[in-house]
Amino acid sequence: MNLFSFFSPRKKLQRKYKSLLKMSHKYSRIDRKISDQYFQEAYKVLQSIEKLQG
């Protein structure tokens, strides 16, 4: 693993996306509204990742 790839914008967004999906799943059992908010934010991050890929 390259040191600089760890700090690349795409990798950073991928880590954020994964974290948001994890939080969405966690809150899906507690509060559906909060879960949907996390999922919506994760979707926006996914769109940003797709824009960076080309």
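Restricting the first residue to segment 29-54 and requiring it to be in contact (Cβ under 8 Å) with a residue 40 or more places away in the chain, which pairs with a second residue that is exposed (fewer than 14 other Cβ atoms within 10 Å of the Cβ) and assigned to a helix (DSSP H, G or I) meet a Cβ separation below 7 Å and a spacing of at least six or different chains? Final answer for the pair search is Leu52/Pro9; Leu52/Arg10. Note on segment 1-12: among residues that are in a helix (DSSP H, G or I), surrounded by fewer than 14 Cβ atoms within 10 Å (Cβ to Cβ) and not small (Gly, Ala, Ser), the one that is modelled with the highest pLDDT is Lys12. Residues that are under 12 Å from Ala42 (Cβ atoms) and either modelled with pLDDT under 95 or aliphatic (A, V, I, L, M) (or both) within segment 16-30 comprise Leu20, Leu21, Met23, listed in sequence order. In segment 13-40, of all residues being hydrophobic (A, V, I, L, M, F, W, C) and in a helix (DSSP H, G or I), the one that is surrounded by the fewest Cβ atoms within 10 Å (Cβ to Cβ) corresponds to Ile34.
The values are calculated or read from the model by the stated rules, or taken from the named source; none is laboratory data. Keep in mind that this is a model prediction, so the values were computed, not measured. Because the Cβ atoms are built from the backbone with ideal geometry, glycine has one as well, and the counts that use them run over all protein chains shown.
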